[in-house]
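Let me begin by presenting the structure, written as structure tokens, before commenting on it.
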Amino acid sequence: MSARILITTDYLRPGDTVDRLLRQHGLEPVYSPWRGPRDTEAQRSLFDGVAGAILASEPVTADMLARAHTLRVIARSGVGYDSIDVAAATGHGIRICNTPGVNHHAVAEMAIGLMIMAARNLRAVITSVNQGQWPRGAGRELHGATLGIIGYGPSGRATANLGAALGMTVLVSTAHPDSNGNAVQFTDLDTVIRDSDYLSLHTRGGQSAGKLIDASRLQAMKPTAVLINTARGSLVDEKALAKALSDGTIAGAALDVLESEPLPGDSPLRGLDNVLITSHLAGQTIEARTRAGLAAAHAVIDVLENREPAHPVDR
């Protein structure tokens, strides 16, 4: 009997390249697409009878892993893994892998696109034109503005390169400065937050007890600044951000990731004119999805065939 591989990533489907690859290695893909929170029983039974899993960004708790008796490996079809209880998985001997480097160009393009939308007030313009109006307000150029980047992994580096190509001054805060990064200036976190016209987040969540962007750091930003988050919803205190946007502490925000997804109906960010919210799409291009799905499948195959996976996050 073939080992069963659970796939919850909603863009992976029967008959695609990932499905065929798994079957070539004698595995049986089974599909349960994640489209939002599952009920308690669905969570508890999610891993029943499967040897491996390719997951979207849904939460994986210690309780779920405690009854995953046949599960040997979870591979995220993406970079983030803070939604998975890695310590609990390791305690049960379950390997955890991710797929870094597959979507950084997509994320960088999205970050710059959100900056352009904010700079030119495009959401309001498009809405007005659709309503029969013809607004002619002046926007701002990215050229000459200061782009601040927190985190200098693949997506942070790609965003920095695009910003520099547009003529922006690029400031970077990172624990791992690259001395060859001629297009950027490496500096401390407080300076990046204080001096940026556009502050773009590209770092991992869960590194400290508090939020990276809290009320005090929002207060330290320019009143004309725009916050861009394509990294982790857990990085930003959304209540503090909503207040800062309402009070004019900062000019705007563009968020592709949120603390709770989809955006709750009672979110304080709803109804604000100076925030753009997209549905966790930054890494979702056809090209990036293809790379991510295949990388996750190879991770599952490697573990089940007793090889060390390329990108383990549990060791």
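What follows is calculated from the coordinates using simple rules that are stated; it is not laboratory data. Everything numeric here is computed off the predicted structure, so don't read it as measured data. As a convention, Cβ positions derive from the backbone with ideal geometry for all residues, glycine included, and neighbour counts pool all protein chains shown.
Assorted remarks:
- Ordering Arg136, Arg95, Arg20 from the fewest to the most neighbouring beta carbons within 10 Å gives Arg136, Arg20, Arg95.
- Normalising the Debye intensity of the stretch 224-277 to I(0), with uniform scatterers on Cα atoms only, and taking log10 at q = 0.15 Å⁻¹ returns -0.34.
- Average silhouette area of the stretch 104-277, convex hull of alpha-carbon atoms, in square nanometres: 10.2
- Mean ellipticity per residue at 222 nm, deg cm²/dmol - from DSSP H runs of n ≥ 4 across the chain, formula -39500 (n - 2.57): -9500 deg cm²/dmol
- Convex hull volume of the Cα atoms of the stretch 65-168, normalised per residue: 140 Å³.
- Rounded to whole numbers, the Karplus 3J(HN,Hα) couplings from phi for the stretch 119-135 are 5, 9, 6, 5, 4, 5, 5, 4, 4, 5, 4, 5, 8, x, 8, 9, x Hz, using 6.51 cos²θ - 1.76 cosθ + 1.60 with θ = phi - 60°, and x at Gly and Pro.
- Exposure proxy order (Cβ contacts within 10 Å, fewest to most) of Ile126, Ile116, Ile213: Ile126, Ile116, Ile213
- Taking amide H as placed 1.01 Å from N in the peptide plane, Ile277 has its amide H under 5 Å from the amide H of Leu255, each at least 5 places away in sequence or on another chain.
- The rule of thumb for compact globular proteins, 2.2 N^0.38 Å, goes into the C-alpha radius of gyration of the stretch 1-108 1.04 times.
- Close amide H pairs (under 5 Å, H built 1.01 Å from N) link Ile96 with Ile74, Val313, Asp314, residues at least 5 positions away or on another chain.
- The chain - charge dipole about Cα centre, Lys and Arg +1 at Cβ, Asp and Glu -1, debye rounded to 20: 340
- Based on Cα contacts under 8 Å between residues 6+ apart, the chain shows a relative contact order of 18 percent.
- Residue exposure sequence - Phe47, Phe186 - by fewest surrounding Cβ within 10 Å: Phe186, Phe47
- Evaluated at q = 0.12, 0.13 Å⁻¹: base-10 log I(q)/I(0), Debye formula over Cα of the chain: -0.85, -0.97
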